[in-house]
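Notes follow the structure.
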Amino acid sequence: MFTKGFPQNKNITHSAMLWLIVVQIVVTLPLMFYLPFLLVLVLIFSTVWRIRMIQGRLSQPNNVIKVVMAGLGFAALASSGLPTASLDMMASLLLLGFAYKALEAFQQRDGVVVILTGYILVAVQFLYSQTMLAALYGIFSLTALTSAMIAIQHTKSIAIKPNLKLATAMLLTCLPLMITLFLFAPRFSPLWSFSLPNNHAKTGITNRITPGDIANLSQSDELAFRVTFAGEHPPQNKLYWRGLVLNHFDGSTWTQFPDELLPESIPFRLYVNKHDLLSHLTRKGYAQQYEIIYEKSAQPWLFALSPVVNIEGDATYSSDFGIIAKQNLFEPLLLKLTSLPKALREAELPHSVRKLALQLPKTGNKKSQALANRLLQTTSSQQDYIQQVLNLFKEEDYYYTLHPPKLEHENSIDGFLIDSKKGFCAHYAGSFVYMMRLAGIPARVIAGYQGGEWNEKGSYLAVHQYDAHAWTEVWLKDQGWVRLDPTAMVAPERVEKNLQAAVKGEGSFLEKHMLSSAKYQWLSGLRKQLDASQYKWRKLVLGYNENTQSSLIKQLFGEISALKAALISLTIFTIIVVFWLIFLGLTKRRQHEAKEHQLYRLFCKLLEKRGITRQPSQSPTEFSQLAATQLPNLATEINRFSELYTTLCYDPDAKSKTPTYIDDLKQVIKSIRRKK
Amino acid sequence: MPNSANSTRTYASHKSRKLNSWLKNRFPDTTEITLGLRTIFIIPTMTTVALSLTVMLLFLMGINFQNSLIFGLSFWLLALIVISIFFTYRNLSGLSVKSIQASPCFAGEKAVFELQLSCPSDQNKSSIFIGWKDEDLAEVNLHQEESSQHNNPHTQRIKLSHSTSQRGYFKAPRLSIFSRYPIGLIISWSYAALDIQSIVFPEPILQKNADNGIGKDDQAEQGKDIANGSTDFSGIREYQTGDSPKQIHWGTYAKTGELHTKSFIDYASNDLWLEWSNLKLQGVEPKLSHLSARVLECHQLQLIYGLKLPTTTLQPNNGEAHKIACLTALALYGLDSKQRN
């Protein structure tokens, strides 16, 4: 705008075009993993065309080709079957626009558009992945983009190295301000909820469990969540990370509620306020405080030690003593929780809950029913019956396996309990609940995780998908809901240690993951070290939010008033600016003009006031001669000044005595001033 | 409506006059100016506006997805905008602009000014543009990589041209100096009012029948004859130091062994005079233009010519210096010292 009218070259140089290509590849690369294959082809095609064009082997695409390419891009998107309002779709569209703009970038303006879109694409990449590696790659992309920004400004091609150096220097110099803003700039919780479904949902426990599901889940070594305990951490066999309560059994699958209830509405039906929750709870025993960071799961289900009595973070209480996220987890979530593991849950069982906890499918499983009747006749009390069923698992020839045989749909309980006797945790839990319900004891299947791996390096517990587990809760008079784990009867190692120990004989732990480091003990030190740093990253960087910010500010500066906040920010910014001035060498005092020239200017000004203006064409001697004739009363001073000045300027010998000359000049100036 | 348009115009011109006088005060005429805090203005460019919008979008994305890394990215870019103020300022600060010389030209041609740009040796300057709007613009780089062709990488001379329309002195208008280096987000801007002027000769326009019939034409004819006749041999005299070897009479030298010079008749009194008073033209400028053309013509023909103006007289002579002196006299005719500026 200010440079309008100046004949400037706005085209970008060859080297800047190469930078734009680099940027295009760098920014697109990480997104390739998430986007439809056909789109990737279109992007590669566009990049190759651009490279050939810069090499001068291909001309700029004409309109027909542009339209065809845009059509191809949209066709690729349409055929990918992505939902319209999804992260993938948004990212794809942005990437497509980016590729086309990059194809025809010849002017600075186009280059700027490409680079700014590049910055947004780096942010999009962070929506997919927030690991340390992703962050490092993001910094790398940022450096490349900034270098490209520098490159497009130049009218001459400049070498890669100084350009990269300059970009790095600028970005590093930014750090103090960037970190300050990151720590102290106000964070807001989302005012609106605009979440784009991310289709690269991780594996995890869902709200429908068919006995084989958990066995499949156990083949994954992905992380589910990490826990840090305040104080002593509980023993391994008490670590039941309770997630979903599965009440309804249709003969083969366990679900939370009967299908009549719309699955979408379920999370909302489960919401309950804290007061209502506590009214069904009898406080007992110690309080366990801990902090959990959940990995994204694309599900709202959260896992905790039941019952949770206090939540700090973005989650809410559910009516069955668990917790639920307010929205599906597309981002990691940090919660601070307090549980009362020994508290008595629902001393009085509400009718609706009892009804749900006694539901049975109408048909099938005749053999199991016969078994239950047999046991009922021989037992006197509920406790006795429960013990008998548990003993059944312990004493009879039951076998804990990751490879349970396929079960007949109609009589799945019979298939396991009477026939095969080979099953995974969900089989044991499911049939145990079935047996309980046959005897009129309210019971339900619980899905969650059990145990976890201690990381001494980071002093936290890491719970992986292979820790997924299913157990049961039965309701007993005066005791409320009691946790019972039938799996512990068959495979105590599962609960005391972990899955790997429990299926050691079978060798089926993570058998599909030949390279998974979780399998190898000798790697565990390194793996834990890496995981510990990832955890620190999650907690300190990714988990930094409104709450952590306000507690940090409190810790650093105490209670904050508006005035104090203003003063503190002013101080910090002053410090940063001073640091920059020193760092960039802007504080060095420079002699702008030799003293004698400054004095000469002053001399001319003084004479000008007396009506004699020096013409640019006049030499100092000429001027002083003229001035001396016109101002006879100042003639001596004028001549003296001129003599001193010209001597100092042109006589090399005078240079060494500059200070005395300067003093003399000042004297003359003074005397001119004195003579009005 | 024309009334309001008029008032807007006067307001605008009033504003620009005010700005102009402020700038004049801020940038007094000097032979050398070093840019610093007082003289450098910092203005964000359109790119900054676009980047700020991007930062805002990223910040909203960060809020919506509660994504720390996106927050980090948006803050980093914000800091980049701020830091580029310092980098851009640093690039311009410490630059010295010094006037070296101005070459004369004819009105309507371009006056060329030679300037020297320099900076302290511990600094580097890149992509600095200096010039006049709609006229000329030069890009200057003062850093080590450029040193291959210069002895001192921190000093460089450039030539800038500016079109002229009027004879007389042409003072170099205030120069604009600006740089978007390094990243194009911020433009740092300054001016240099240099105490340097070029002499603009009257545009040479030869008018037919402009020279007075008797005085001028005859004299011109005569002049030519005399000029030709000046090669006519008139006699031989003794050699004096300073005589041209072409005029040595080698014949006598062969006979006597003494150097003799062929002497020529001195026609000085009949030299060609370009006279103001002899012109049959109306107005000062056409006369000056015509004389300017005549000076060029005479110089071309290697004649000996003199110039008579009402205020000055230049004795007949020839050569480059004489031509310039005549043209300068024409350029400055009738200008008092105030008008010269």
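Summary of computed values
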item	result
Residues (out of contact with any helix residue (DSSP H, G or I) (no Cβ under 6 Å at 6 or more places or on another chain) and part of a helix (DSSP H, G or I)) located in segment B:313-326	B:GLU320, B:ALA321, B:HIS322, B:ILE324, B:ALA325
Members of segment B:171-188 that are open to solvent by 30 Å² or more (accessible area, probe 1.4 Å) and away from chain A (no Cβ under 11 Å)	B:PRO173, B:ARG174
Any hit, segment A:405-416, residues being of a type in the set (Ser, Thr, Tyr), buried (at least 20 other Cβ atoms within 10 Å of the Cβ) and at pLDDT 85 or above	no
Selection status of A:ALA532, more than 29 Å from B:PHE87 (Cβ to Cβ), touching a residue at least 40 places away in the same chain (Cβ under 8 Å), surrounded by 13 or more Cβ atoms within 10 Å (Cβ to Cβ) and away from chain B (no Cβ under 14 Å)	yes
Boolean, B:PRO286 is open to solvent by 30 Å² or more (accessible area, probe 1.4 Å) and in contact (Cβ under 8 Å) with a residue 60 or more places away in the chain	yes
Filtered residue count, segment A:370-399, keeping only those that are open to solvent by 50 Å² or more (accessible area, probe 1.4 Å), assigned to a helix (DSSP H, G or I) and of a type in the set (Ser, Thr, Tyr)	1
Strands (runs of 3 or more DSSP E) wholly inside segment B:23-126 containing at least 2 residues that are at pLDDT below 90 and within 8 Å of chain A (Cβ to nearest Cβ)	B:32-34
Residues of segment A:620-634 satisfying the condition of being touching a Ser or Thr at 6+ places or on another chain (Cβ under 9 Å) and open to solvent by 20 Å² or more (accessible area, probe 1.4 Å)	A:PRO620, A:THR621, A:GLN625
Selection status of A:GLN108, among the polar types (S, T, N, Q) and in contact with a helix residue (DSSP H, G or I) (Cβ under 8 Å, 6 or more places away or on another chain)	yes
Residues satisfying the stated conditions in segment A:573-591, i.e. open to solvent by 100 Å² or more (accessible area, probe 1.4 Å) and modelled with pLDDT under 80	A:LYS588, A:ARG589, A:GLN591
Residues that are under 28 Å from A:ASP531 (Cα atoms), in a loop (DSSP other than H, G, I, E, B), modelled with pLDDT of 70 or more and open to solvent by less than 40 Å² (accessible area, probe 1.4 Å), drawn from segment A:484-520	A:VAL503, A:SER508, A:PHE509, A:LEU510
Unmet requirement for A:ASN328, which otherwise passes all of (1) more than 28 Å from the chain's Cα centre (by Cα); (2) at pLDDT below 85; (3) among the polar types (S, T, N, Q)	(1)
Counted residues, segment B:59-104 - those being open to solvent by less than 10 Å² (accessible area, probe 1.4 Å), over 21 Å from B:ALA193 (Cα atoms) and touching a strand residue (DSSP E or B) at 6+ places or on another chain (Cβ under 9 Å)	2
Residue in segment A:266-277 that is modelled with pLDDT under 85, aromatic (Phe, Trp, Tyr), open to solvent by 10 Å² or more (accessible area, probe 1.4 Å) and part of a helix (DSSP H, G or I) present	yes
Segment A:11-45, subset more than 22 Å from A:PHE140 (Cβ to Cβ) and assigned to a helix (DSSP H, G or I), residue most open to solvent (accessible area, probe 1.4 Å)	A:PHE37
Index of the failed condition, A:TYR434 passing every other in (1) assigned to a helix (DSSP H, G or I); (2) over 23 Å from A:ALA491 (Cα atoms)	(2)
Qualifying positions in segment A:323-351 - hydrophobic (A, V, I, L, M, F, W, C) and part of a strand (DSSP E or B)	A:ILE323, A:ILE324, A:ALA325, A:LEU333, A:LEU334, A:LEU335, A:LEU337, A:LEU344
A:LEU94 being open to solvent by less than 70 Å² (accessible area, probe 1.4 Å), within 14 Å of chain B (Cβ to nearest Cβ) and part of a helix (DSSP H, G or I)	yes
Filter result for A:LYS554 (over 20 Å from the mean Cα position of the chain (by Cα) and surrounded by 11 or more Cβ atoms within 10 Å (Cβ to Cβ))	yes
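The values are calculated or read from the model by the stated rules, or taken from the named source; none is laboratory data. The shown structure was predicted, so the numbers you read here are calculated from the model rather than taken from an experiment. Methodologically, a virtual Cβ is constructed for each residue, glycine included, from the backbone with ideal geometry; neighbour enumeration extends over all protein chains shown. The accessibility values were calculated without ligands, DNA or RNA, using every heavy atom of the protein model including side chains. Shrake-Rupley method; radii C 1.70, N 1.55, O 1.52, S 1.80 Å.
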